[in-house]
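The values are calculated or read from the model by the stated rules, or taken from the named source; none is laboratory data. Only a predicted model underlies this, so the values are computations on that prediction, with no experimental measurement involved. All Cβ positions, even for glycine, are placed from backbone atoms using ideal geometry, and neighbour counts span all protein chains on display.
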Amino acid sequence: MSNEQRRRDIARDLYELFCSAVDTYRDDLRQRVEDDASEFFRKMTTEPDYAGLRINDTYGLTIMHKDGSPIPVRSAGAEHVVAMSLVAALQNNAPLRGPIFIDSPFGRLDAGHRQKMLATLPEMADQVVLLVYEDELPPQNARQTLKQKLTAEWKFVRKSARHTILESQ
């Protein structure tokens, strides 16, 4: 066997090893994200018949019934809980973790889901910043549920059509 042929065989073997490693890493990460998303989803949903989430062939998330069948149709609120579960799972599996910023996280949720999601937020990241309307999340509810986990509270105060200030609460 010539040196050129040996180099070609080594290069082919290294390429196959690299491809196999990438496949293994992707499959492992996919499973961890699915498991974490399911765990967060179960914490935030009020539906006891939901077993968790499954990543489908297009990398979307499917809600799974406790009997193992997929839930084919879901409400806007369920869609929102699924999305928040994915955000939490991706954050949990990221090599570099940072704060999560969420605008209007409770807008499409009923009171039960709102309360469960609020209670789960501290588990999603070390720092979560919520941009909410008082009607969406009454400040007293946030204070009572989050207690010492609520480290700062700010309020936008409109002064005019061209001027808004941010006040510490």
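For beta carbons closer than 9 Å, sequence separation of 6+ or different chains, a first residue in segment 157-168 that is under 15 Å from L131 (Cα atoms) and a second that is of a type in the set (G, A, S) and not in a strand (DSSP E or B), the qualifying pairs are S168/A152. Of all the residues in segment 138-162, those that are within 19 Å of K43 (Cα to Cα) and of a type in the set (A, V, I, L, M) number 2.
Check whether at least one residue in segment 19-32 is surrounded by fewer than 10 Cβ atoms within 10 Å (Cβ to Cβ) and part of a helix (DSSP H, G or I), and report yes or no. No, segment 19-32 contains no residue that is surrounded by fewer than 10 Cβ atoms within 10 Å (Cβ to Cβ) and part of a helix (DSSP H, G or I). Whenever a residue of segment 4-17 is surrounded by fewer than 10 Cβ atoms within 10 Å (Cβ to Cβ), it has no partner that is modelled with pLDDT of 95 or more lying with C-beta atoms less than 7 angstrom away and at least six residues away or across chains.
Here's the yes/no breakdown for (1) surrounded by 16 or more Cβ atoms within 10 Å (Cβ to Cβ); (2) of a type in the set (K, R):
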residue	(1), (2)
R97	no, yes
D103	no, no
G107	no, no
A111	no, no
K116	yes, yes
Y133	no, no
